[in-house]
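The values are calculated or read from the model by the stated rules, or taken from the named source; none is laboratory data. Since the model is a prediction, treat every value here as computed from it, not as a measurement. All Cβ positions, even for glycine, are placed from backbone atoms using ideal geometry, and neighbour counts span all protein chains on display.
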Amino acid sequence: MEPRKLFQFCPQCGERRSDAPGACPFHCESCDFVYYFNPAIAAAAFVIGPDGRALFIRRAKEPAKGKLAIPGGFVDIGETAEDALHREIREEVNLDPVSTEYLGSYPNEYPYRGVTYPVLDFFFVVQVIATQRAAALDDVESLSWLEPTEVNPQEIAFESIRRALRLYCARLS
């Protein structure tokens, strides 16, 4: 269920919602409280080694446990997308990018514990030099350095990553 459909009562005054569940924005007629349901923000990257291969991770946890993804995660309050991206790359695969280039953004859905969160995923391409330091760490089952054009899209965890992979591969040709 989407978060906006979970609000049955006003979080400010406690009155039962009078408009249609899921309406955006939430507007309480009793106290005039207004809440906009915006997507969560995430940042992920195609981590490229000196040989041009990209680092793909195999997810260790749901959603999409066992599927391929790229390093990344949610942006914390007060972080830029780039700061969050660099933090997530260090936390997940123990690498430090030497350059970061924006690729594009795509909407996504992230199902977690019965709630489907709307997410806006920002994608980047980062270059790394010290690939021998790569390690499967936080929420990562394993790592694979792969030719991006040879990755089977059906193995990819989320549609937004599949779309970003198509965009990245189009840039290579």
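What to note about this one:
- If you go through the stretch 48-67 and keep only what is over 11 Å from PRO148 (Cβ atoms) and not in a loop (DSSP other than H, G, I, E, B), you end up with ILE57, ARG58, ARG59.
- Among the residues making up the stretch 82-118, a single one is among the hydrophobic types (A, V, I, L, M, F, W, C) and over 20 Å from ILE57 (Cα atoms): VAL115.
- Test: residue in the stretch 85-104 that is closer than 22 Å to THR131 by Cβ, crowded, with 17+ Cβ neighbours inside 10 Å, out of contact with any Lys or Arg (no Cβ under 9 Å at 6 or more places or on another chain) and among the hydrophobic types (A, V, I, L, M, F, W, C): yes
- Taken over the stretch 55-80, the criterion of being crowded, with 21+ Cβ neighbours inside 10 Å and within 19 Å of GLU101 (Cβ to Cβ) is satisfied by LEU55, PHE56, ILE70, PRO71, GLY72, VAL75.
- Scanning the stretch 121-168 for residues that are in contact with a Ser or Thr (Cβ under 6 Å, 6 or more places away or on another chain) and outside any loop (DSSP other than H, G, I, E, B) gives ASP121, PHE122, PHE124, VAL126, GLN127.
- Top-ranked residue in the stretch 23-47 [being touching a residue at least 60 places away in the same chain (Cβ under 8 Å) and part of a strand (DSSP E or B); ranked as farthest from PRO148 (Cα to Cα)]: ALA40
- Cβ separations smaller than 7 Å between residues 6+ apart or across chains give the following pairs from the stretch 147-166 residues that are at pLDDT 95 or above to residues that are in a loop (DSSP other than H, G, I, E, B): GLU147/ARG53; GLU155/LYS67; ILE156/LYS67; ALA157/ALA64; ALA157/LYS67; PHE158/ALA64; ILE161/ILE70; LEU165/VAL151.
- Pick from the stretch 1-22, criterion surrounded by 14 or more Cβ atoms within 10 Å (Cβ to Cβ) and either in the same structural domain as ASP121 (by TED's automatic domain parsing) or part of a loop (DSSP other than H, G, I, E, B) (or both), ranking: farthest from the chain's Cα centre (by Cα): ARG17
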